[in-house]
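The values are calculated or read from the model by the stated rules, or taken from the named source; none is laboratory data. Given the structure is predicted, the values throughout are model-derived calculations rather than measurements. Every residue, glycine among them, receives a Cβ derived from its backbone with ideal geometry; neighbour counts consider all protein chains shown.
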Amino acid sequence: MKTKRIILSLATALLMLPALLSAAQQGQGKGRAAATFLSVLGRPKYVVMLALGLIALILLLTKKMRNGIKIPLLLLSTFLFGIAANLPIKVFKSFSMHPSPVCAATKSILYGFGMPLVVTLAVIVVLTLVGPKLFCGWVCPVGAVQELAAMLADGLKIKRIKWNFTFSQIVRTGLFLAFAFVSGKGIYHTVVEGQKTALSIYDPINAFHGFEFGAQPSFWAGLLHYLPLLLTIVLAFKVYRPFCHLVCPVGLLTHWLEQIALFRVTLRKSDCTDCGVCTAETPCAAVPEILKDAKLRPDCFACNACVGACKSCRAFSFGIKRTS
């Protein structure tokens, strides 16, 4: 089983890479030299993304992930990919979250696969195939602030509402299908110099825009600009990762990819005492399904909460899926 999972993960990555490269070549402008995949991948932003994801993976595998490390890692992701680009410091400009994961997943469909879009998607795909949602859980700034809000809510003893995964999956999938139809058909569009240009229905609800601190033309424009991120943070105190579960198309993509991730949360059923502590203390809907050994799991963000909660029998761990 372990060998099959490794082969399947690597095969999926290899099969997707040529498709992404081909799409990128088709999406390049003709008027200037096209950036290559490796030249874009070598930019500081993407190198640090991969490094942070792999650092998180190593800490999870070696059982070193504690709140004293987890919080600084999440703050670092929030700063580098959310805040840093707004500072008047040249070195930080290259960390701007452009294209944002939401834009990479949607605007590439509408306008073609430019190389930055492809590289962003490739980094997300690779990290997800290595470990469940390593990008969403440890690199994404919107994901990071939601995780920090959830941890603060736990510290303040705020009782959270747990997701019904069927409901959240229907909402998230329905929104993507609406995007594919409304935006893809040009029903939602703007006109520039007499040309009709399709717009993404995700733009008005894209929480990533909240990390762009530029001046807004009016108070109401500013409110609408920052509202998705502000609502995401506020709601994250009451429900776990609302933007990820209800809105983000990348969350929808990585949900399916994580099912074949090489490393994931595993359960040694023979050691489990069915005490229920893991279900009570963890925020995500994946734990009950892991306990059932379900074939299809809800989103797991590799937050390590279930491993940390399982202190008596230590039945949970992070690694290659066990066969028993």
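Numerical summary
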item	result
When residues of region 239-262 are limited to those that are out of contact with any strand residue (DSSP E or B) (no Cβ under 6 Å at 6 or more places or on another chain) and not in a helix (DSSP H, G or I), the one nearest to K159 (Cα to Cα)	Y240
Close pairs from region 264-281: first farther than 22 Å from G137 by Cβ, partner part of a helix (DSSP H, G or I) and modelled with pLDDT of 80 or more, Cβ under 8 Å, at least 6 apart	C272/L291
Enumerated helices (runs of 4 or more DSSP H) restricted to region 109-160, each holding at least 3 residues that are over 21 Å from A51 (Cα atoms) and within 20 Å of the chain's Cα centre (by Cα)	141-155
Enumeration of residues in region 54-110 that are hydroxyl-bearing (S, T, Y) and either over 19 Å from C300 (Cβ atoms) or loosely packed, with under 15 Cβ neighbours inside 10 Å (or both)	T62, T78, S94, S96, S100, T106, S108
Selection count, region 36-46, where residues are over 16 Å from V130 (Cβ atoms) and either charged (D, E, K, R) or assigned to a helix (DSSP H, G or I) (or both)	7
Some residue of region 188-199 being assigned to a helix (DSSP H, G or I) and closer than 21 Å to L246 by Cβ	no
Among the residues listed as P298, P283, P288, the single one being farther than 30 Å from T106 by Cα and in contact with a helix residue (DSSP H, G or I) (Cβ under 8 Å, 6 or more places away or on another chain)	P288
Of all residues in region 271-324 being of a type in the set (V, I, T) and at pLDDT below 80, the one that is farthest from L127 (Cα to Cα)	T273
Boolean, C313 is outside any helix (DSSP H, G or I) and closer than 23 Å to K159 by Cα	no
Per-region count, region 161-191, residues touching a strand residue (DSSP E or B) at 6+ places or on another chain (Cβ under 6 Å) and of a type outside the set (A, V, I, L, M)	4
Among residues of region 200-234, those that are hydrophobic (A, V, I, L, M, F, W, C) and assigned to a loop (DSSP other than H, G, I, E, B), counted	3
Subset tally (residues that are in contact with a strand residue (DSSP E or B) (Cβ under 7 Å, 6 or more places away or on another chain) and not aliphatic (A, V, I, L, M)) for region 111-137	2
Of the criteria (1) among the charged types (D, E, K, R); (2) modelled with pLDDT of 90 or more; (3) over 17 Å from the mean Cα position of the chain (by Cα), which one K4 fails	(2)
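Yes/no per residue for (1) closer than 21 Å to L134 by Cα; (2) crowded, with 20+ Cβ neighbours inside 10 Å; (3) of a type in the set (S, T, Y):
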position	(1), (2), (3)
L235	no, no, no
L253	yes, no, no
R264	yes, yes, no
R297	yes, yes, no
G308	yes, no, no
I320	yes, no, no
